[in-house]
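Heads up: the structure comes next, in structure tokens.
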Amino acid sequence: MTKSLVHFGYAEVEFADDCLLGKKGTVVRGHSFHCSRIVAQGPLRCTYRVRYSLSDRKEEEGFTRRQVLGSYIHLHFRSNPSLVSSFLQQADSTRRLVVAQ
């Protein structure tokens with residue numbers, strides 16, 4: 001935990017890899033505000049390229065491991081409606097795999 005905000009404001013996210021929310025190259029907007037930093041115990045795979053609009057700072061984000069995607073960015077799904085259909089397709093595919101086992 002930090003004593004002050006680490007990031008605050010709007011962000012533009014581009015998917016650097018395919019993920020459960022869409023294909024590589026998908027662009028979506030969101031916002032971020034948090035008072036913590038991730039301290040990794042090992043390498044983290046990042047799925048997002050983020051540009052923060054207030055600072056113009058760019059960084060890798062959207063931490064993935066297997067079927068889990070974690071992020072500080074609160075995505076605005078209405079900024080790119082394809083996120084919903086991608087998420088539902090991924091959930092259905094995962095459900096089918098689990099049922100088949």
Which residues, taken from segment 35-68, are in contact with a Ser or Thr (Cβ under 7 Å, 6 or more places away or on another chain), under 19 Å from Lys24 (Cβ atoms) and surrounded by fewer than 17 Cβ atoms within 10 Å (Cβ to Cβ)? Arg45, Gln67
Kindly establish whether Lys3 is of a type in the set (D, E, K, R) and closer than 25 Å to Val84 by Cα. no
Please find, within segment 1-45, the residue that is farthest from the chain's Cα centre (by Cα) out of those that are part of a loop (DSSP other than H, G, I, E, B) and β-branched (Val, Ile, Thr). Thr2
Report, by residue number, each residue of segment 1-31 that is in contact with a His (Cβ under 6 Å, 6 or more places away or on another chain) and either among the basic types (Lys, Arg) or at pLDDT below 95 (or both). Val6, Arg29
What about Tyr72, is it in a loop (DSSP other than H, G, I, E, B) and surrounded by 16 or more Cβ atoms within 10 Å (Cβ to Cβ)? yes
Output for Cβ contacts, cut-off 7 Å, separation at least six or different chains, first residue under 17 Å from Gly25 (Cα atoms) and without any contact (Cβ under 8 Å) to a residue 40 or more places away in the chain in segment 71-95, second surrounded by fewer than 17 Cβ atoms within 10 Å (Cβ to Cβ) and aromatic (Phe, Trp, Tyr), reads Val84/Phe77
Filter segment 61-90 down to the residues that are over 21 Å from Phe33 (Cα atoms) and of a type in the set (D, E, K, R), then identify the one that is modelled with the highest pLDDT. Arg65
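The values are calculated or read from the model by the stated rules, or taken from the named source; none is laboratory data. This structure is a prediction, so every number in the text was calculated from the model and none was measured. Reconstructed Cβ throughout: ideal geometry from the backbone, glycine too, with neighbour counts over all protein chains shown.
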